[in-house]
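The values are calculated or read from the model by the stated rules, or taken from the named source; none is laboratory data. As the structure is a computational prediction, the values presented were derived from the model and not from experiment. Note that we place each Cβ from the backbone using ideal geometry, even for glycine, and neighbour counts take in every protein chain shown.
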Amino acid sequence: MRRVLIVDDEPTLRLGFSYALQSQGTCVDTASGGASALELAGENRYDALFLDLRMPDVDGLRVIEGLRDAGNHVPVVLCSAYITLESALAAIRRGVVDFLIKPVSPADLRHAFGFVTGGASTPLAKALALAREKSFGDAVSILEEGGPRDVRTELWLRLLRHVVRGDEAPEVRAALGDKIAEQVALRSDAA
Amino acid sequence: MLRVRLLLGLLTLVLLLWAVGGAGFLILQDAGKRFDQRLVVDYQAIDIAHGFRSGTSLLNSQYLTSLSAPAGATPPDPALYQEVMRDFDEKIDAMRRLSEGNERWNELLEEFEEALVTYRDGYSEFFSNDFTDMERRSDLLIRMGNRTQRLTDLANALATLAEERLFASTKDLDRESRKNLALIATLVVLGTGIAVLIYFQLLRHLVEPVVGLKDSFEELRKGNFELSLPPPDRASEFAPMVASFNDMSRELHLRRRETDQRLMRKNLLNRALLSAIPSPVYIIADDGSSPVLNPAAEELNDRLGLARRLPGKARRLFESCQESGENLLPEDPREALLFRIGDEERHFLPRIFRFSSEIEEYSGWAVLLYDVTRIRWLDDMKSNMLATVSHEIRTPLTGIRMVLLLLLESQSGSLTEVQHQMLTSASEDCERLLETLNNLLELARAESGMTSLNLAPVPLAEIARESLLLFETIAAKKGIRIDLQHNGDLPEVCADALRLREVINNLVSNAIKHSPEDGTVTIRIGRSGTDFLRLSVLDEGAGVPDGIQDRIFERFFRAEAQTHDGVGLGLFISREIMRAHEGRIGVRDRSPDKPTEFFIDVPIA
């Protein structure tokens with residue numbers, strides 16, 4: 001039985017997300033804000049967290065911080081209509097490498113859930129699995145050795161190199177542009 | 001006037017010269033004549049005296065020699081004697097005429113006449129020839145010898161006297177000529193005096209004004225226009241010249257004042273202009289002197305608590321500009337410098353540029369701080385709005401979309417046909433709304449970010465390959481093949497890789513949209529002229545209808561028959577990006593059997 005927590009301040013989305021993910025073998029909890037999400041995450045053990053970036057009380061990045069500070073390394077899928085480069089870098093440094101750009105379709109959602117919980121088969125999936133454990137150097141090596149790369153894989157490689165180097169947002173922006181988070185985000189059609 | 005003076009002076013000199021010459025000439029002539037006369041008189045006297053001597057000698061030798069012999073039978077012929085005596089009488093007369101009242105001369109002449117009487121008595125005795133006595137004869141010879149001696153002595157005395165007189169007259173002449181010499185010397189000294197006078201007059205009236213004029217020109221040259229020459233005598237030849245000079249000086253003075261005024265006006269205008277610039281401006285001359293501040297800059301420095309110098313942040317930028325010699329003219333308000341003035345935060349965009357005039361010493365740098373606080377605020381507002389719109393509209397829309405998609409997945413149970421139709425329609429509307437929203441956001445982002453291109457040499461073929469990789473999967477779903485053609489040996493282009501990628505992706509995406517199933521989309525790269533690389537995207541779709549080819553790059557333009565999603569911003573944004581690159585974008589006229597071709601020309605790096 002897999003367990004997933006949906007965190008979003010938008011009731012319709014909570015409803016839609018949970019409905020889309022609910023199936024045999026998946027149990028869905030929902031939280032309407034960052035504070036209650038941290039509370040629930042402290043009480044239960046989840047296989048994945050779908051976390052909205054912008055929330056009125058405690059925003060997504062603070063929730064991630066809270067989780068990691070508490071030693072909780074649950075895979076987190078960060079969802080937002082707009083993820084700034086700064087937010088993306090902050091998230092990646094805390095082992096959050098799965099982004100979903102709203103609007104998401106039920107298919108996107110299921111794909112993302114499968115991607116973060118399932119076994120890694122492609123070099124990119126393996127690399128991101130390492131990145132979730134903050135082993136960025138290893139992730140880069142896997143991508144470099146992984147043979148021909150598609151655009152998304154290539155962009156991930158470049159982004160992770162910057163992370164390894166410890167570059168700040170301006171340098172990354174100059175090299176990869178503002179929209180990098182959207183470009184490396186999860187997509188059901190780009191499996 | 002000067003002319004008259006000069007004439008008079010020189011005339012005097014000439015007259016004096018004539019006078020000296022004439023006097024000398026006359027004196028010389030007079031002395032010569034008198035000497036000649038003296039010579040004639042005295043020479044005649046000496047000649048006559050000698051004539052007496054030779055006459056007596058002649059007579060004595062003719063007659064008295066016979067006295068040493070006994071008297072002849074016939075008495076001696078007295079003809080010669082008589083002739084000589086007549087000659088003697090004439091000569092005595094002549095001598096008397098030559099006496100010139102000289103007593104000694106008269107005395108000697110009288111004594112000579114007396115001696116001659118005695119001499120004549122002797123000869124009368126001789127010619128009587130009545131004695132034959134040898135003793136008497138010898139006695140007469142002796143007496144005659146004495147008398148002849150006496151005559152000779154007197155004649156000699158007369159000759160000596162004549163010589164003495166000649167000598168005396170020479171001495172007179174000498175004395176007189178010495179007197180004349182003194183006169184001539186006086187005249188020469190007088191002439192010299194007059195010449196000196198003329199010299200000083202010339203100096204005063206000719207040289208001094210010229211020197212004065214020269215000095216005045218010198219003063220003019222130094223810029224002293226106040227100077228004017230004192231007007232000379234009206235009659236002076238220099239009067240018109242001095243008048244001309246004074247006119248010229250006045251004119252120059254006037255011009256100078258006009259120029260000064262004009263310069264001052266210009267200076268005031270410049271100052272006013274500088275003062276009127278609402279932004280702080282610092283003018284820094286090349287010599288490194290302290291900067292000139294306009295009022296706005298003074299106010300800023302005042303509020304920052306700085307002396308008359310560049311604020312630290314601007315100074316660092318300025319120093320690097322000075323080092324590199326390049327202007328710093330950033331456009332992006334994000335490059336503004338932050339100044340904290342009290343509690344206020346103000347953003348100033350630095351504009352650092354060099355200015356130069358023809359004269360090197362008036363070259364320098366200007367630092368203008370353009371207050372972009374408001375622009376920054378608006379920029380932040382725009383960013384916030386983008387984020388807000390993205391979140392506040394897209395999030396609920398996402399919910400709606402999610403619910404609609406879930407319903408359509410029929411997980412909530414079976415739908416009636418009508419319900420399914422309505423849900424499909426609503427879902428399509430929802431998709432379109434999202435697309436529109438995305439495009440609007442994209443447009444806002446594109447229009448604001450276009451000024452800050454990150455230009456660098458970029459391999460165009462590499463970007464095209466990335467685009468191919470990106471769309472391959474999507475194209476494959478429609479059975480469309482993407483083909484990349486280039487000859488491999490291409491220069492890099494000067495572009496912002498991210499922006500250029502957007503354009504190419506847009507063209508490829510459009511081509512896939514418009515391609516018939518199982519068609520081919522071709523990306524072709526080649527040269528376009530010497531300065532550009534051309535990337536063409538060709539598809540086998542219906543192409544762009546005639547008459548709207550120019551309009552497809554306009555904002556929100558959509559062809560009427562277009563059935564695909566989108567509000568028609570893709571080509572507009574692409575055109576804006578290509579404009580910012582100083583490149584081109586266009587569509588080729590389609591001929592029936594050829595594919596539709598969209599192209600971009602990108603400047604070669």
Task: Hits in region A:148-191 - residues which are farther than 22 Å from A:Val77 by Cβ, modelled with pLDDT under 85 and of a type in the set (Lys, Arg) - done: A:Arg149, A:Arg173
Open item on the list: For region A:15-30, which positions are within 10 Å of chain B (Cβ to nearest Cβ) and either surrounded by fewer than 17 Cβ atoms within 10 Å (Cβ to Cβ) or touching a strand residue (DSSP E or B) at 6+ places or on another chain (Cβ under 7 Å) (or both)?
Closed with: A:Phe17, A:Gln22, A:Ser23
TODO: Identify, by number, the condition in (1) buried (at least 19 other Cβ atoms within 10 Å of the Cβ); (2) β-branched (Val, Ile, Thr); (3) facing chain B (nearest Cβ under 10 Å) that A:Val63 doesn't meet.
DONE: (3)
Task: Segments classed as strands (runs of 3 or more DSSP E), wholly inside region B:434-529, with at least 3 members that are away from chain A (no Cβ under 13 Å) and in contact with a Lys or Arg (Cβ under 7 Å, 6 or more places away or on another chain) - done: B:520-528
Open item on the list: Pairs please, first residue from region B:101-119 and assigned by TED's automatic domain parsing to the domain that holds B:Leu58 and under 13 Å from B:Leu151 (Cβ atoms), second anywhere and of a type in the set (S, T, N, Q) and at pLDDT below 85, Cβ atoms under 7 Å, 6+ apart in sequence or on different chains.
Closed with: B:Leu109/B:Ser99
TODO: Please go through region B:11-38 and pick out each residue that is aliphatic (A, V, I, L, M) and out of contact with any helix residue (DSSP H, G or I) (no Cβ under 7 Å at 6 or more places or on another chain).
DONE: B:Leu11, B:Val14, B:Leu15, B:Leu26, B:Leu28
Task: Options B:Thr373, B:Thr388, B:Thr424, B:Thr398: the member that is in contact with a helix residue (DSSP H, G or I) (Cβ under 7 Å, 6 or more places away or on another chain), hydroxyl-bearing (Ser, Thr, Tyr) and either surrounded by 15 or more Cβ atoms within 10 Å (Cβ to Cβ) or within 14 Å of chain A (Cβ to nearest Cβ) (or both) - done: B:Thr398
Open item on the list: Anything in region A:136-149 that is surrounded by fewer than 16 Cβ atoms within 10 Å (Cβ to Cβ) and either assigned to a loop (DSSP other than H, G, I, E, B) or within 14 Å of chain B (Cβ to nearest Cβ) (or both)? List them, or say none.
Closed with: A:Gly146, A:Gly147, A:Pro148
- [ ] Any chance you could count how many residues in region B:120-132 are free of Cβ contacts under 8 Å to residues at least 24 places away in the same chain and surrounded by 15 or more Cβ atoms within 10 Å (Cβ to Cβ)?
- [x] 1
Task: Among residues of region A:61-93, those that are in a loop (DSSP other than H, G, I, E, B) and closer than 16 Å to A:Ala185 by Cα, counted - done: 5
Open item on the list: Suppose we filter region A:31-56 for residues that are surrounded by 19 or more Cβ atoms within 10 Å (Cβ to Cβ) and within 13 Å of chain B (Cβ to nearest Cβ); how many remain?
Closed with: 5
Task: Checklist (1) of a type outside the set (Val, Ile, Thr); (2) within 14 Å of chain B (Cβ to nearest Cβ); (3) under 30 Å from B:Glu428 (Cα atoms) applied to A:Leu85, failing item - done: (3)
- [ ] For region B:18-32, indicate whether the set of residues that are acidic (Asp, Glu), surrounded by 14 or more Cβ atoms within 10 Å (Cβ to Cβ) and on the phi < 0 side of the Ramachandran plot is non-empty.
- [x] yes
Open item on the list: Going by what's in this entry, would B:Ala285 be described as hydrophobic (A, V, I, L, M, F, W, C), loosely packed, with under 11 Cβ neighbours inside 10 Å and either farther than 30 Å from B:Leu206 by Cα or touching a Lys or Arg at 6+ places or on another chain (Cβ under 9 Å) (or both)?
Closed with: no
Task: Number of positions in region B:127-151 that are within 19 Å of B:Val117 (Cβ to Cβ) and modelled with pLDDT under 80 - done: 1
Open item on the list: If I filter region B:406-419 for residues that are touching a Pro at 6+ places or on another chain (Cβ under 8 Å) and either β-branched (Val, Ile, Thr) or more than 14 Å from chain A (Cβ to nearest Cβ) (or both), do I get at least one hit?
Closed with: no
Task: From the options B:Ser363, B:Ser357, residue that is in contact (Cβ under 8 Å) with a residue 60 or more places away in the chain and within 25 Å of B:Pro295 (Cβ to Cβ) - done: B:Ser363
TODO: Starting from region B:475-488, keep only residues that are loosely packed, with under 11 Cβ neighbours inside 10 Å, then list their pairs with residues that are assigned to a strand (DSSP E or B) whose Cβ atoms are within a distance under 8 Å, requiring at least 6 positions of separation or different chains.
DONE: B:Asn487/B:Gly526
Task: Yes/no for B:Ala168 being without any contact (Cβ under 8 Å) to a residue 12 or more places away in the chain and closer than 19 Å to B:Arg104 by Cβ - done: yes
Open item on the list: in a loop (DSSP other than H, G, I, E, B), within 14 Å of chain B (Cβ to nearest Cβ) and within 30 Å of B:Cys430 (Cβ to Cβ): which single residue out of A:Val104, A:Val96 fits that description?
Closed with: A:Val104
- [ ] Would you check which residues across region A:150-168 are within 14 Å of another protein chain (Cβ to nearest Cβ), of a type outside the set (Val, Ile, Thr) and in a helix (DSSP H, G or I) and list them?
- [x] A:Arg152, A:Glu154, A:Leu155, A:Trp156, A:Leu157, A:Arg158, A:Leu159
TODO: Tell me, yes or no, whether region A:4-14 has at least one residue that is of a type in the set (Ser, Thr, Tyr) and buried (at least 19 other Cβ atoms within 10 Å of the Cβ).
DONE: no
Open item on the list: Within region B:344-356, does at least one residue satisfy the condition of being surrounded by 12 or more Cβ atoms within 10 Å (Cβ to Cβ), within 30 Å of A:Leu53 (Cβ to Cβ) and within 11 Å of chain A (Cβ to nearest Cβ)?
Closed with: no
Open item on the list: Quick check on my filter: what residues within region B:293-333 are part of a loop (DSSP other than H, G, I, E, B), within 40 Å of the chain's Cα centre (by Cα) and of a type outside the set (A, V, I, L, M, F, W, C)?
Closed with: B:Asn294, B:Arg308, B:Arg309, B:Gly325, B:Glu326, B:Asn327
TODO: Kindly indicate which of B:Pro491, B:Pro516 is over 20 Å from B:Lys594 (Cα atoms) and surrounded by fewer than 18 Cβ atoms within 10 Å (Cβ to Cβ).
DONE: B:Pro491
TODO: With respect to A:Glu39, determine if the residue is over 14 Å from the mean Cα position of the chain (by Cα) and either under 15 Å from A:Asp8 (Cα atoms) or of a type in the set (Phe, Trp, Tyr) (or both).
DONE: yes
Open item on the list: Against the condition among the acidic types (Asp, Glu) and either in contact (Cβ under 8 Å) with a residue 40 or more places away in the chain or in contact with a helix residue (DSSP H, G or I) (Cβ under 9 Å, 6 or more places away or on another chain) (or both), how does B:Asp87 come out, does it pass?
Closed with: yes
